[in-house]
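Readers should treat all values here as calculations from the given coordinates under stated rules, not as data from a laboratory. Note that the structure is predicted; figures quoted are calculated from it, not measured. Ideal geometry is used to build each Cβ from the backbone, glycine not excepted, and the neighbour counts take in all protein chains shown.
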Amino acid sequence: MNAPDNRDAEIEQAVREVGLRAKAAAAALAQSTAAQRTRALEAAAAAIRAASAQIIEANRADMAAAQNQSLSAAMLDRLRLDAGRVEAMAAGVAAVAALPDPLGRTLHETTRPNGLHIARVSVPLGVIGIIYESRPNVTADAGALCLRAGNAAILRGGSESRQSSAAILACLRRALAETGLPEDAMQGLPTTDRRAVGALLRLADCVDIIVPRGGRGLIERVQQESRIPVLAHLDGLCHTYVDGGADPAKARRIVLNAKMRRTGVCGATETLLIDRRIAAAELPGIAEDLRAAGCELRGDDAARAIDPRIGLASEADWDTEYLDAILAIAVVDGVAGAIRHIARHGSHHTEAIVTEDKAVAERFLAEVDAAIVLVNASTQFADGGEFGMGAEIGIATGKLHARGPVGAEQLTSYKYLVRGTGQIRP
């Protein structure tokens, strides 16, 4: 019985040492200049490009192990790196380097009647613990965004991406060292043992915020166990609603892209809603496009009455994030029906409407409760890079601190700077 206790203590201590080093690095980063951090990010992009072959080789090892574990096609797609994806990763880091500095901004200022000058100024969050699954590119995206905002990061990728993430992390640390910033601003956990995650979630004296990115199981575990505030990226149960006022050709292009461009991303549409007024005329063409692209369709009775080749959807389908080439289809009674369906089954992530009716579009924008609401555009635009953020850590679906794509600006807090001339409070 003593051996497990000893191992628990060893892991706890090892994670604490990572946290203490990160805390010291965060204090140094908070005093760094925007130019220093920009140089480090540019060096990181160059280091990733220079190490492309090594990163791909490490990824091959991860892919081979993942295939032996029978991971789904969607999970394998998330894990896979090639020359194009490594270049995209480096370009994302370079784009973050080019972003305006989010620190030291005066968000609000006022001078009180007693002469006190009060300014609210942006500052780093401090140390950010980031826990994620599968995608090794998150190592680069998260590390770059944290550095841009002057934060230290403790990065814990999934065990399936261990070698890929380690190769990318080495590039980030090398860039920090080359530019005179503390290497410990970017660290991984010292073991893939799941107990290390629990130890990190208890490290409230060293870590300021936890950002989990992954499946529902991961998010729920972090929210239940963490003693540290959590900025959660939950399910991407996204809907596209085709309204009676939609342009048919536009609707077909948007729905096909929203579902099939990349089925394994959180912004992929999982449920198609279509207005009953146009369903008989427009659903067959939309369904044919999707089938031709290899998508399995599951619909309600009304959808199946229009196209019998559509499979029968179960109640669970309306609440499933497939991350695969599967789409649920429901026929609804106009925009009100679409809004009701989304309110019942959505995950507050990303929702879209296709319509040329401006009044209907404005109602959808106003009444749908989601981090991102689009009109006449694919849900696949739910991405920090597409929002001009360079990259993102995830899409926050809660309402505290940050909501939607989490970029460098969302990884800051603020403090009040008060300047007086000798005032005392009566």
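Working note: 222 nm ellipticity from helices only, DSSP H runs with n ≥ 4, each -39,500 (n - 2.57), summed and divided by the residues of the chain, gives -14500 deg cm²/dmol to the nearest 500. Working value for the range 345-426: equivalent-ellipsoid semi-axes of 36, 17, 12 Å, each the square root of 5 times a Cα gyration tensor eigenvalue, largest first. Taking the three principal axes of the alpha carbon atoms in the chain, the coordinate ranges are 71, 65, 46 Å, sorted in descending order. Our compactness index for the range 140-233, the C-alpha radius of gyration over the empirical 2.2 N^0.38 Å, is 1.08. Within the range 121-177, all pairs of alpha-carbon atoms sorted by distance into 5 Å bins from zero give the percentages 4, 20, 30, 24, 13, 6, 2, 1, 0. Subtracting the Cα-Cα distance of D8 and T33 from 0.36 nm times their residue separation leaves 5.1 nm of extension gain. Ranking of R425, R156, R120 by neighbouring Cβ atoms within 10 Å, starting from the fewest: R425, R120, R156.
Counted by neighbouring Cβ atoms within 10 Å, the residues I154, I55, I219 run from fewest to most as I219, I154, I55.
Roughly speaking, what % of Cα-Cα pairs in the range 242-324 are separated by over 15 Å, rounded to a whole number? Percent of Cα pairs beyond 15 Å in the range 242-324: 56. In summary, the lysines within cross-link reach of K415, defined as a Cα separation below 25 angstrom excluding same-chain residues under 8 places away, comprise K23, K399. Taking label positions 7 Å along the Cα-Cβ direction at both A359 and I326, the computed distance is 4.0 nm, reported to one decimal. Check cross-link reach from K358 to the aspartates and glutamates: straight Cα distance under 15 Å, and skip same-chain residues fewer than eight apart. The reachable aspartates and glutamates, counting only those whose Cα sits under 15 Å from K358, are D243, D247, E367. Extension gain, D289 to R261: 0.36 nm times the residue separation minus the Cα-Cα distance gives 8.8 nm.
What separates the Cα centres of the range 358-407 and the range 26-75 is a distance of 26 Å. Counting every other Cβ atom within 10 Å of each residue's Cβ, K399, K259 order from fewest to most as K399, K259. Extension gain for R216-E386 works out to 58.7 nm (0.36 nm per residue, less the C-alpha to C-alpha distance).
Tell me which aspartates and glutamates have Cα within less than 18 Å of K250's Cα, excluding those fewer than 8 residues away on the same chain? The reachable aspartates and glutamates, counting only those whose Cα sits under 18 Å from K250, are D275, E282, E288, D289, E351, E356, D357. Of all DSSP-defined beta bridges confined to the chain, some 30% are antiparallel rather than parallel. Semi-axes of the equivalent ellipsoid for the range 1-134, computed as √(5λ) from the eigenvalues of its C-alpha gyration tensor and ordered from largest down, come to 38, 26, 15 Å. The longest stretch of the chain left intact once loop-based GluC sites (Glu not before Pro) with at most 15 other Cβ atoms within 10 Å are removed from consideration, loops following DSSP, is 1-355. Between the range 211-287 and the range 133-153, the C-alpha centres lie 25 angstrom from each other. Among P100, P182, P308, the largest mean-square fluctuation in a Gaussian network model of the chain, built with springs joining Cα atoms closer than 10 Å, belongs to P308.
FRET efficiency for the pair R419 and R227, taken as 1/(1 + (r/R0)^6) with r the Cβ-Cβ distance and R0 = 30 Å, rounds to 0.25. In summary, no helical segment of the chain meets the span-like criteria, namely a full DSSP H run, a Cα extent along the axis of 27 angstrom or more and a mean Kyte-Doolittle hydropathy of at least 1.6. Shape annotation for the range 238-381: C-alpha extents along the principal axes are 35, 30, 26 Å, from largest to smallest.
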